[in-house]
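Participant: Have a look at this one before I ask anything.
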Amino acid sequence: MKFEKIYKALTWITLIGSITAFTRILQTLYKVNNFHKNGIKTSLFKNTKKSRESCNIQQNSILNLSSNNKDKNLIIIIDAFPTQILYKKLTGKESLLHSKLSKISEYSINSLSKSSSTVESLAYILADISNAKKGCTYPLFGGNFTPNFINSSPFFSSSKSICSTRDKSSIGWIKTTSFKLASELIFFNSYFKNKYSYALNKKVKRCSLANTSIPNQISNWISKNKEFKNYPLIFHDVYFHNQNDTNKLELYEKIDKEYAITIQDLISRIKEKKLLDNILVLSDHGPRVNKNKIKLDALSEEQNRRGFFIYYIPVENLNKSYINSIKKFELN
């Protein structure tokens, strides 16, 4: 009798788990492919010849320049990290990351994107595509670009990445999934949401520049793949984005310090070994802090939604084409 009850309970848990997993997949597909009322974004079915022709990466854009086979380039994207000015507005302190990048970069800019959506904003910043509503969005740009992600995240990944956010064991997967399922329950959902958030952020940090072991992993990976032709390398870091989903301003200083230390370490290793030619560190949009969390003036609120920064760091020789490409984003 007890066995039958256990069997029925497991059957229901499996059913609920399957439905939850399926709805999460649909939610992710909708979020990525249908931002607001726009059309399909990254679906391979949309990558027709007509789509590719209308989604061409523009000449002298950052992505066009960094895809040059003569140069070995790295693009680091820190998803949703605030601009230097906004960081101080939100925390009352100077950003250590921005301070360090300002000192070692050849040129930098703080500006406003055309959108507060990652896929549309990066189409504008990286490829100079102002109207990304026809499927011309990051990272595929209507089938015109094959991204080489060197890290893995819940949003963007590659089979050859140096690290993964996936659970290394079935036990870990079951544990994380259990927290996710429990967080959907009516009772005790806030407790399990916190548990799930902690487990997820721990996995994401494993493959983030907030992890102090990552600079060594990246430099070793590049050293072993010197003949790798698919440039630029892209490290899309979503750790801050994941943490900021809860609008925890008290975490800003901690994450800022972690990024500052590891990114400086990574750049030092690359320069010392002369592994690459150019490095670009940028964000895609603002942290989108809830208006109820902090009051901002009109300009700061725009920075909060659409603000982004770019730091250009040549490893040896300065390439003025990058500076000219970045300068066009200057605010009048």
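Participant: Here is a list of conditions, (1) buried (at least 22 other Cβ atoms within 10 Å of the Cβ); (2) β-branched (Val, Ile, Thr); (3) more than 17 Å from residue 96 (Cα to Cα), and residue 263 meets all of them except one; can you say which number that is?
Facilitator: In the conditions (1) buried (at least 22 other Cβ atoms within 10 Å of the Cβ); (2) β-branched (Val, Ile, Thr); (3) more than 17 Å from residue 96 (Cα to Cα), residue 263 misses (3) alone.
Participant: Can you tell which of 210, 123 is within 20 Å of residue 243 (Cα to Cα) and modelled with pLDDT of 85 or more?
Facilitator: Result: 210 is the single residue among 210, 123 that is within 20 Å of residue 243 (Cα to Cα) and modelled with pLDDT of 85 or more.
Participant: Are any of the residues in the range 158-176 under 28 Å from residue 291 (Cβ atoms) and either modelled with pLDDT of 90 or more or acidic (Asp, Glu) (or both)? Steps first, answer last, please.
Facilitator: Of the range 158-176, the ones under 28 Å from residue 291 (Cβ atoms) are none.
So far as the range 158-176 goes, no, none of its residues is under 28 Å from residue 291 (Cβ atoms) and either modelled with pLDDT of 90 or more or acidic (Asp, Glu) (or both).
Participant: Quick check: is even one residue across the range 224-231 under 30 Å from residue 278 (Cβ atoms), in contact with a helix residue (DSSP H, G or I) (Cβ under 6 Å, 6 or more places away or on another chain) and modelled with pLDDT of 65 or more?
Facilitator: Residues of the range 224-231 under 30 Å from residue 278 (Cβ atoms): 224-231.
Retained after the next criterion (residues that are in contact with a helix residue (DSSP H, G or I) (Cβ under 6 Å, 6 or more places away or on another chain)): none.
No, the range 224-231 contains no residue that is under 30 Å from residue 278 (Cβ atoms), in contact with a helix residue (DSSP H, G or I) (Cβ under 6 Å, 6 or more places away or on another chain) and modelled with pLDDT of 65 or more.
Participant: When both residues are 6+ apart or on different chains and their Cβ atoms are under 7 Å apart, which pairs have a first residue that lies in the range 78-95 and is in contact (Cβ under 8 Å) with a residue 60 or more places away in the chain, and a second that is assigned to a loop (DSSP other than H, G, I, E, B) and surrounded by fewer than 16 Cβ atoms within 10 Å (Cβ to Cβ)?
Facilitator: 90/294
The rows are residues; the columns are (1) over 12 Å from residue 55 (Cβ atoms); (2) touching a Leu at 6+ places or on another chain (Cβ under 7 Å).
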residue: 112; (1), (2): yes, yes
residue: 122; (1), (2): yes, no
residue: 129; (1), (2): no, no
residue: 138; (1), (2): no, yes
residue: 147; (1), (2): yes, no
residue: 151; (1), (2): yes, no
residue: 156; (1), (2): yes, no
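Participant: While we're on this one: Limited to the range 264-289, what total is found for residues that are within 20 Å of residue 321 (Cβ to Cβ) and polar (S, T, N, Q)?
Facilitator: Count: 1.
Participant: Now a separate question. Going by the structure shown, is residue 79 more than 17 Å from residue 250 (Cα to Cα), of a type in the set (Asp, Glu) and modelled with pLDDT under 95?
Facilitator: Answer is no for this residue.
Participant: Okay, moving on. Filter the range 277-310 down to the residues that are under 21 Å from the mean Cα position of the chain (by Cα) and within 28 Å of residue 68 (Cα to Cα) and list them by number.
Facilitator: Those that are under 21 Å from the mean Cα position of the chain (by Cα) and within 28 Å of residue 68 (Cα to Cα): 278, 279, 280, 281, 282, 283, 284, 285, 307, 308, 309, 310.
Participant: Quick check: anything in the range 53-64 more than 28 Å from residue 281 (Cβ to Cβ), modelled with pLDDT under 95 and not β-branched (Val, Ile, Thr)?
Facilitator: Start the filter on the range 53-64 by keeping residues that are more than 28 Å from residue 281 (Cβ to Cβ), which leaves 53-54.
This time we only want the ones that are modelled with pLDDT under 95, so: 53-54.
Now restrict to residues that are not β-branched (Val, Ile, Thr): 53-54.
Yes, the range 53-64 has at least one match.
Participant: Which residue is nearest to the chain's Cα centre (by Cα), if the candidates are limited to the range 79-127 and must be farther than 25 Å from residue 205 by Cα, charged (D, E, K, R) and outside any helix (DSSP H, G or I)?
Facilitator: 114
Participant: Return the residues of the range 67-104 that are of a type in the set (Val, Ile, Thr) and buried (at least 17 other Cβ atoms within 10 Å of the Cβ); say none if nothing qualifies.
Facilitator: Going residue by residue through the range 67-104, those that are of a type in the set (Val, Ile, Thr) are 75-78, 83, 85, 91, 104.
Listed by number, the residues that qualify are 75, 76, 77, 78, 83.
Participant: Would you pick out the residues in the range 296-332 that are more than 30 Å from residue 72 (Cβ to Cβ) and of a type outside the set (D, E, K, R)? Talk me through it step by step, then tell me what you get.
Facilitator: We begin by selecting, within the range 296-332, every residue more than 30 Å from residue 72 (Cβ to Cβ); these are 296-306, 331-332.
Listed by number, the residues that qualify are 296, 298, 299, 300, 303, 304, 331, 332.
The values are calculated or read from the model by the stated rules, or taken from the named source; none is laboratory data. What you are looking at is a predicted structure, and each value in this text was computed from that prediction instead of being measured. Every residue, glycine among them, receives a Cβ derived from its backbone with ideal geometry; neighbour counts consider all protein chains shown.
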